[in-house]
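A.B. asks: For reference, the structure I am asking about is given below.
Since every read-out is calculated from the coordinates, none of them should be taken as a lab result. If you're wondering where the values come from, they're calculated on a predicted model, not measured in any experiment. Cβ placement follows ideal geometry from the backbone for every residue including glycine, while neighbour counts extend to all protein chains displayed.
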Amino acid sequence: MREIILQWVQQRHLSTVSFKEETSPANDPHDDYIVAYEASFEPKSLDQARVEVWVTTQGNVAIGFETRKRISTRLGLTTKSTRFGAGHEPALRSGTGLLAILGAVADGKIAIRAIAIPFFGLISTKAVTLHDVRQELVSKGYTPVDWLMGVSENEFAQQKLLRFRRWDD
């Protein structure tokens, strides 16, 4: 999977996003898997999505989409949370599926629906994408789509969603 990611990065020419990788990442002793490789894509701007990819020794891939801290900052809130806004545990095994989800993130096709309450801050987050984008991801081998809620074009265009610019804008 590392080779697939590196080739994708070279083809995309990511000028607004920093790419970092770790080939010997620290592992959580409480996890039931071992992470062998981590890749992170850190945008320079809050209006571009951040994503992390983890690959286990068994070849399963996990995705961490956007952080609650970045979401809170963008909404003018404070948080101490270090959690991701959305994503999934190791499940994906398809290289074409991995490229499909990275492409969707880089193209700004995934947004965040955030719920915040005054004095409490950010309560919940959910990743959303257009129904047809979700179906396209599945058709390209990206099957762990439960974390992505499919919505209509009207819903995706709403001001209530935190939308993200393309990485190459």
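A.B. asks: Report the residue, chosen from P25, P144, P43, that carries the largest GNM mean-square fluctuation when the chain is represented by alpha-carbon nodes joined by springs under 10 Å.
C.D. replies: Sorting by GNM fluctuation, first place goes to P25.
A.B. asks: Within straight cross-link reach of K140, meaning Cα distance under 17 Å, which aspartates and glutamates are found once same-chain residues fewer than 8 apart are removed?
C.D. replies: Qualifying aspartates and glutamates at Cα under 17 Å: D107, D132.
A.B. asks: If you don't mind, there's one more thing I want to ask. May I ask for the net charge around V17, where only other residues with Cβ less than 9 Å from the Cβ of V17 are counted and Lys, Arg are +1 while Asp, Glu are -1? Each step should come with its number before you reach the end.
C.D. replies: Working: positive: R12, K44, R50; negative: E42, D168.
That sum, taken over residues with Cβ under 9 Å, equals +1.
A.B. asks: In Å, what is the Rg of the alpha-carbon atoms in the chain, and how long is Dmax?
C.D. replies: Taking only Cα atoms of the chain, I get Rg and Dmax of 15.6, 45 Å.
A.B. asks: Taking K20 as the anchor, which aspartates and glutamates have their alpha carbon closer than 16 Å to its alpha carbon, excluding any fewer than eight residues away along the same chain?
C.D. replies: Excluding near neighbours in sequence, the set is E3, E38, E42, E52, E66.
A.B. asks: Quick one: which residues, 5 or more positions from G108 or on another chain, have an amide H under 5 Å from its amide H? H modelled 1.01 Å from N in the peptide plane, none for Pro or chain starts.
C.D. replies: Answer set, sorted by chain and number: W167.
A.B. asks: Let me ask something additional. Enumerate the calculated ³J(HN,Hα) couplings along segment 64-81 in order (Karplus 6.51 cos²θ - 1.76 cosθ + 1.60, θ = phi - 60°), each rounded to whole Hz, writing x wherever the residue is Gly or Pro.
C.D. replies: The phi angles translate into x, 9, 6, 10, 5, 5, 5, 4, 4, 4, 5, 8, x, 10, 10, 7, 9, 5 Hz.
A.B. asks: Now for a separate question. Give, as a single signed number, the net charge of other residues whose beta carbon lies under 13 Å from the beta carbon of I123, with Lys and Arg counted +1 and Asp and Glu -1. Kindly include the intermediate steps, with their values, before the conclusion.
C.D. replies: Details: positive: R68, R83, R113, K126; negative: none.
Around I123, the surrounding residues sum to +4.
A.B. asks: Next up: Can you give the calculated 222 nm mean residue ellipticity of the chain, where each DSSP H run of n ≥ 4 adds -39,500 (n - 2.57) and the sum is split over every residue, rounded to the nearest 500 deg cm²/dmol?
C.D. replies: Calculated mean residue ellipticity at 222 nm is -7500 deg cm²/dmol.
A.B. asks: So what's the convex hull volume per residue for the Cα atoms of segment 108-169, in Å³?
C.D. replies: Details: hull volume 6.3 nm³, N = 62.
Considering the Cα atoms of segment 108-169, their hull volume per residue is 102 Å³.
A.B. asks: Here's a follow-up. Relative contact order for the chain using alpha-carbon pairs under 8 Å, separation at least 6, rounded to a whole percent?
C.D. replies: On the way: 325 pairs, mean separation 34.0, N = 169.
Computed value for the chain: 20 percent relative contact order.
A.B. asks: Round to a whole angstrom and tell me the spacing of the C-alpha centers of segment 88-103 and segment 121-153.
C.D. replies: Segment 88-103 and segment 121-153 have Cα centres separated by 13 Å.
A.B. asks: Please list 3J(HN,Hα) in residue order for segment 95-106, calculated via the Karplus relation 6.51 cos²θ - 1.76 cosθ + 1.60 where θ = phi - 60°; whole Hz, with x for glycine and proline.
C.D. replies: Coupling constants for segment 95-106: x, 5, x, 4, 4, 5, 6, 4, x, 5, 5, 5 Hz.
A.B. asks: For L161, what charge total do you get from the other residues with a beta carbon under 11 Å from its beta carbon, if Lys and Arg give +1 and Asp and Glu give -1? Walk me through the intermediate numbers first.
C.D. replies: Numbers: positive: R113, K126, K160, R163; negative: E155.
Once all neighbours under 11 Å are counted, the net charge is +3.
A.B. asks: Could you pull out every residue, at least 5 positions away or on a different chain, whose amide H is within less than 5 Å of the one on G87? Hs are placed 1.01 Å off N in the peptide plane, and Pro or chain starts have none.
C.D. replies: F65
A.B. asks: Relative to the Cα centre, what is the charge dipole magnitude of the chain, using +1 at the beta carbon of each Lys and Arg, -1 at the beta carbon of each Asp and Glu, and rounding to the nearest 20 debye? Don't skip to the end; give the middle numbers.
C.D. replies: Numbers: 21 positive and 20 negative charges, 122 e Å.
Magnitude of the dipole: close to 580 debye.
A.B. asks: Please compute one quarter of the surface area of the Cα convex hull for segment 60-111 and express it in square nanometres. Before the final figure, lay out each step's value.
C.D. replies: Numbers: hull surface 15.4 nm².
Average projection, Cα convex hull of segment 60-111: 3.9 nm².
A.B. asks: Amide H neighbours of L130 under 5 Å, counting only residues 5+ apart in sequence or on other chains, H built in-plane at 1.01 Å?
C.D. replies: V151
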